[in-house]
Amino acid sequence: MDDLYFFRSDNGRVKIGRSVNVKARLNAVRCSSPVGVMLWAVLEGHGWEECAWHAVFRDHRINGEWFKWNAAISRAVRLAQNRKEWWRPNIAADDTEGDVTFRRMLEYMRSADAQAA
């Protein structure tokens, strides 16, 4: 089963990808990167969410799976790591930018689930 990973680079970029072996993938990325890259977060068994994360943060895409780091991505990663909040049913209208982005992600994922059914 694939894991969803988030790598952060020294130049303010985030790589959102999936792998069955995150450690090997990190080593491969480090070998080909001109800047330092570190493991930021892993969502074990959630590789299937990769397309949703890419779609939600498409406005921040730099190239391929690399995105410009921002507070919205940071907030979404923190929420995803705490699954109690991840599936909370109601999000207030006056939420921060991160929560609005998070709502878009949930809506995208629910619509993708509905289309797959």
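Among the candidates LEU39, LEU26, the residue that is outside any strand (DSSP E or B), modelled with pLDDT of 95 or more and in contact with a Phe, Trp or Tyr (Cβ under 7 Å, 6 or more places away or on another chain) is uniquely LEU26.
For region 52-83, a residue qualifies if it is closer than 19 Å to VAL37 by Cα and not in a helix (DSSP H, G or I), and the qualifying residues are ARG61, ILE62, ASN63, GLY64, GLU65, TRP66, PHE67, LYS68, TRP69, ASN70. Residues that are within 16 Å of HIS60 (Cβ to Cβ) and among the β-branched types (Val, Ile, Thr) within region 1-48 comprise VAL14, ILE16, listed in sequence order. Only one of the listed residues (ARG25, ARG18) is buried (at least 17 other Cβ atoms within 10 Å of the Cβ), among the basic types (Lys, Arg), closer than 13 Å to ASP3 by Cα and over 12 Å from the mean Cα position of the chain (by Cα). That residue is ARG25.
The values are calculated or read from the model by the stated rules, or taken from the named source; none is laboratory data. Here the structure is a predicted model, which means the values were calculated and not measured. Neighbour counts are summed over all protein chains in view; Cβ atoms, including those assigned to glycine, are modelled from backbone coordinates with ideal geometry.
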